[in-house]
Amino acid sequence: MAKPILDTELWPVIEQLMPPPKLRRERYPGHAAGRPQSAHRNSLRAAVGHPLGNALQGDGLPLEHELLATAAGVAGHQHLLGFGEWDGDPNERFTLADSQRWLARFDDDGDWPAPEARGRAPDAPRASPPAMHAIGGEPCPRSGWWVSAARHDARRRFEEGETLPSFQAEETRGHTLWQWDTDQGEPVAVPLSRPHTAASGEPAPRAGLWLQANHPQVRCRVMEGEPLPLVDGLPVQWQWTEQPPPGMRAITGQPCPYPGIWHCEDIPVGPRAFLHRDPLLQVQGRDVIWFLVQAQ
């Protein structure tokens, strides 16, 4: 009598490869839902004549190996046929042909997904990944923006075939490594910061309030490009300030809120003494801002 294909000792090993049975729920009490399933052992007995099982026969493999491979393939196929279904679903998620294609998706002649979806013909050579690194002194592998950590702000655009530069210094050794910049956008020009200091007679690089260096009580207010004034006929160094220093202020025409020594904040004309409730004066025919320097 021939030895049975699935004996008692072999079946426990093969059973571990089989997927667990799907849970079957009932839509209506007393009625079974979904497609009935056959026992895994019965399915494997029939696998000898299955197309996936026949493909493994005749290769000179031991019978146990053939059965294990057949069990994995056929059980996986049966599992795919029921994947994603629900009670009463009339559609099969995988057909027999689709499941065979999916199981063979890693084979050389596999067509899952279709070759058109891969972007190449089945017999076309595989495309090499684009170059992401290059060594200084060698031709650039592709056109675009490249960066190097060998030098600060070393970001340049090279054309394919152009020789990449090398940076040599006493503190660095070895090759200069260039990397493909993932941001291929054009560099954004950063506006240069305008200076905060200038001398008398020079155009003011910024509009606003300027203080005399080392004498902040001497001030002037000018427009951008307007020459900075002299102080008592002498050139001085000016410092731009974003915010006026704190202190008591009043404008021309207002009564003096506090007696003391006041300075003009718009034109450097020197100190002026005002009594309480005296009207604050114009300077050079202009209404100006006065600020208290010393109270009396």
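The values are calculated or read from the model by the stated rules, or taken from the named source; none is laboratory data. Bear in mind that the values here come from a model prediction, so they are computed numbers and not experimental data. Counting neighbours? That spans all protein chains shown, and the Cβs are built from the backbone with ideal geometry, glycine included.
A few remarks follow.
- Neighbours by Cβ (under 9 Å, 6+ apart or cross-chain): first from the range 179-202, surrounded by 11 or more Cβ atoms within 10 Å (Cβ to Cβ); second among the hydroxyl-bearing types (Ser, Thr, Tyr) and not in a loop (DSSP other than H, G, I, E, B): Gln179/Ser148; His196/Thr241
- Per-region count, the range 173-192, residues among the aliphatic types (A, V, I, L, M) and assigned to a strand (DSSP E or B): 1
- Selection count where residues are among the small types (Gly, Ala, Ser) and modelled with pLDDT of 85 or more, scope the range 90-145: 6
- Failed item in (1) over 18 Å from Gln294 (Cα atoms); (2) modelled with pLDDT under 90, with Pro229 passing the rest: (2)
- Residues in the range 243-263 that are outside any loop (DSSP other than H, G, I, E, B), within 12 Å of Leu275 (Cβ to Cβ) and of a type in the set (A, V, I, L, M, F, W, C): Ile261, Trp262.
- Residue list for the range 204-242, restricted to those being surrounded by 12 or more Cβ atoms within 10 Å (Cβ to Cβ), part of a strand (DSSP E or B) and of a type in the set (A, V, I, L, M): Leu209, Leu211, Val218, Val222, Val231
- Residue that is nearest to the chain's Cα centre (by Cα) [pool: residues in the range 125-157 that are among the basic types (Lys, Arg) and more than 16 Å from Thr182 (Cβ to Cβ)]: Arg151
- Flag if Pro195 is over 32 Å from the mean Cα position of the chain (by Cα), assigned to a loop (DSSP other than H, G, I, E, B) and on the phi < 0 side of the Ramachandran plot: yes
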